[in-house]
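This report concerns only the one structure given below.
The values are calculated or read from the model by the stated rules, or taken from the named source; none is laboratory data. Since the structure is predicted, the reported quantities are computational estimates derived from the model, not experimental observations. Backbone-built Cβ (ideal geometry, glycine too); neighbour counts: all protein chains shown.
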Amino acid sequence: MLDGLVNFGLWGGTNTTGTYKEFNNHLSFRYRGLSLSFWDIYNFSPGATYNNRQFFNYRARETGRFLDAIVDYRFDEKFPLLLSWSTVIFGRDRNAQNTENKYSTFCYAEYPIYQKESWQVDMGIGGAFALNRSGDSSHFYGNKAGIVHVMLKVTHRINIGKWEMPLYACAMWNPQGDRAFLQIGAQVFSF
């Protein structure tokens, strides 16, 4: 972190069977409660129906990655609501003819419902739609505009000397896709 204003990070994930793999990098700028972030997301899961074999391919019609631009605002400590607007601005969010971007957009709200010492529980809900529907209403997260994300996350911050490491478990549901996920993770470092 550079004076608390700029943050660069790497994020990776997989599932227990190895059928899902992801590696992302991100850059964010934060001032008080306002944040602007860019996430370069690359999913290289086996069996994917998109190009997942060329990590450095940034050609719009061929790439397996996507670039997400995110603006969010977290209100003050007395009312710690997080509001977020995220739009896929480049990559594998294309129309059926692969001629233009759909600009899939995800709007999200999150609120901590419990905080005590090193524990926190957050709830969130998000909906998605395409800014450029290009003849159909599908978007990156589902087949039509609607709720695609309901979340409950428990975080516990452990201290090892002067170093703090948040551990979390997050249950996520996509009502539109009729799917559920469980994510377990740790923020090993941040700079």
- In the range 95-116, what residues are surrounded by 13 or more Cβ atoms within 10 Å (Cβ to Cβ), polar (S, T, N, Q) and without any contact (Cβ under 8 Å) to a residue 40 or more places away in the chain? SER104, THR105, GLN115
- Message: Quick check on the range 41-59. Is at least one of its residues touching a residue at least 24 places away in the same chain (Cβ under 8 Å), surrounded by 13 or more Cβ atoms within 10 Å (Cβ to Cβ), hydrophobic (A, V, I, L, M, F, W, C) and outside any loop (DSSP other than H, G, I, E, B)?
- Response: yes
- Task: Scan the range 74-91 for residues that are part of a loop (DSSP other than H, G, I, E, B) and free of Cβ contacts under 8 Å to residues at least 40 places away in the same chain and jot them down.
- Result: GLU77, LYS78, PHE79, PRO80, LEU81
- Item | Options LEU10, LEU34, LEU5: the member that is under 30 Å from ILE113 (Cα atoms) and modelled with pLDDT of 95 or more | LEU34
- Residue check, GLY91 modelled with pLDDT under 90 and on the phi > 0 side of the Ramachandran plot: no
- With respect to the numbered conditions (1) closer than 22 Å to GLY185 by Cβ; (2) part of a loop (DSSP other than H, G, I, E, B); (3) out of contact with any Asp or Glu (no Cβ under 9 Å at 6 or more places or on another chain), which one is the sole condition not fulfilled by PHE23? (2)
- Task: Mind listing whichever residues of the range 6-27 are buried (at least 16 other Cβ atoms within 10 Å of the Cβ), in contact (Cβ under 8 Å) with a residue 24 or more places away in the chain and polar (S, T, N, Q)?
- Result: ASN7
- Message: Looking at ALA180, ALA171, can you tell me which residue is assigned to a strand (DSSP E or B), in contact with a Leu (Cβ under 6 Å, 6 or more places away or on another chain), of a type in the set (A, V, I, L, M) and closer than 19 Å to VAL121 by Cα?
- Response: ALA171
- Item | Residue in the range 150-168 that is surrounded by the most Cβ atoms within 10 Å (Cβ to Cβ), counting only those that are among the charged types (D, E, K, R) and farther than 26 Å from ARG179 by Cα | ARG157
- For PHE106, are the conditions met, namely being among the aromatic types (Phe, Trp, Tyr) and either outside any strand (DSSP E or B) or at positive phi (or both)? no
- Message: Can you tell me how many residues within the range 166-191 are modelled with pLDDT of 90 or more and over 28 Å from TRP85 (Cβ atoms)?
- Response: 1
- Note on the structure: PHE75 fails exactly one of (1) under 17 Å from ARG32 (Cα atoms); (2) touching a strand residue (DSSP E or B) at 6+ places or on another chain (Cβ under 6 Å), namely (2)
